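Worksheet: the structure to be examined is printed underneath.
Bear in mind that the values in this text are calculations on the coordinates, not laboratory data. Bear in mind the structure is a predicted one, so any value in this text is a computation, not a measurement. Every residue, glycine among them, receives a Cβ derived from its backbone with ideal geometry; neighbour counts consider all protein chains shown.
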Amino acid sequence: MLQNWLILMPEILMLLYLFTAMSVNKYRTEKTPQTFFTLLRWFLLAILLATLIFYNKSAYPDFWQNTPFTTLFKSCSYLLLLAWNYLSSKWFLNKNRHSYKFCSLLIINLLGLNFLASSTSLLTLCIASSIICWANRHLIYRHWDITKVAFVARLYSCSAVFFITAALAASLWLYYQTGSFTYTQISSYLLSQAQFTLINKFCAVALICLLMFLTAATPFHLWFINFIRNGVLPISGFITLVPWFIYLCSLINLLRFCLAPMSEFIMPIITAFGIISVLFGAFSAMVEKNIRCLFAYISIYCIGFNFTGLIDFSYTSVISSFAYSIVCLLSLGGVYTVFLGLKSHGEYLSEIEELNGFYETRPYMSAALLVFVFSLIGAAPTLGFFGYLSILHNLAVNAGWWRINLLLISTLFTSAAIYRVIKSVYFTTNTQKYDRPDKSIYICLFINMLIILISLFFPTWLMHDALVVLGGTN
């Protein structure tokens, strides 16, 4: 019994943070926006440490199971949240806004993500998704002007209820057939079927669509784009950056350990989501004028690129997907860091034309932005080249030539979108007076650039060292 409580330490610490933050908010008289971020930072470090200590221990393996594979993906998300927590605090300080509800919702979201990554049961999958969607809905409402996000919140809520209900109905049907919600039991049942019925196919599609909705893959992206356009920057960055690894981990676990017998039916669906996302993201970014939305479309493009590269869920596909995800999140994280430094007269800028001549007054930030955007399109010799290479190499090994051609063509359109940003920053006259960025912006940009530089000279940590941890996927 004591051992189970120790193994549950990451989850206990998340709940303990909620209690501690509530107590501080109620009883402490002197509170600043920094108070809850500092508290959250220490709890996140403790959660990360507990996750690493109990990396392969599980208290209730029939519902969720920790493995080296899930621990790697969760740890990456926790580290991203730590970095984003540090940067977001500066936004709240600048706006002098209370941060109690924001930090509490981040932890509730993290609790759902934690269960989702390690899920071994469809019941856990549905409950964890419900927690995440509930927290996201309330995060969307964390805006000083509710009218700007009311439509997005309603759209997100209705969509979440629909997809979670469909996934729960699919789970109940499979439970009726097998007497269990666990992935292994359902996989054995599907393996015993000589031919899959229409309702079995519906169940698989419902489960996949729930994860596609969470990742904001096209055509389930409308809530994401509208929120990025109207939402506050700390929440936009969190939703874009932190859950990425968890959703990918959950999809891989679901496909490999639950729906593997239906892989011939499912893989074309995953590919279709990938192709639609790649094309829509690339074309939409090319004509978008709002810089935050432009990079939101590029993040959808990157999600689609990743899904298209998962030609199967073999060992090599998983490692190439992991490497590409690392590259994308480092680059997108750098871009969002620059966003936090784009201020004029205390207001954060969002239009491309407001970047005109940005390099004249902020050469360091402009140079960092240049590296990040080149990395997003896979231009050599940036780190993005290795990410693209990992996906394309895996496709070539599996003779996915038409996919390679499609991805390369879509990259041309994404490059055209990136060129518009570069042109505005470097090849137009400065028309804007920018506020002095907080030193934390420069610190985070330096660390990000340092990681990218180290990875350029030692790319084996992406392409080889992670194989040791991901060995459990064989």
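Key figures
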read-out	value
Histogram of C-alpha separations across the range 138-271, 5 Å bin width, %	2, 10, 18, 20, 16, 12, 10, 7, 4, 2, 0, 0
Structure-based [θ]222 nm, the chain - -39500 (n - 2.57) summed over DSSP H runs of at least 4, per residue, nearest 500	-25500 deg cm²/dmol
Cβ charges +1 (Lys, Arg) and -1 (Asp, Glu), total dipole of the chain, debye	960
Axial C-alpha extent at least 24 Å, average Kyte-Doolittle at least 1.6 - helices from the chain (DSSP)	33-53, 198-215, 263-287, 439-457
Among [x] 27; [y] 31; [z] 23, the entry derived from the coordinates for percent of Cα pairs over 37 Å apart	[z]
Overall dimensions of the range 8-161 as given by Cα atoms, namely Rg and Dmax in Å	16.2, 46
Inter-centroid distance (Cα atoms) of the range 223-251 relative to the range 44-92, Å	17
Sorted by Cβ neighbour density within 10 Å, fewest at the top, the residues LEU6, LEU39	LEU6, LEU39
Partner lysines for LYS57 [C-alpha distance under 24 Å; skip if fewer than 8 residues away on the same chain]	LYS74
Ranked list, fewest to most other Cβ atoms within 10 Å of each Cβ, for THR429, THR67	THR429, THR67
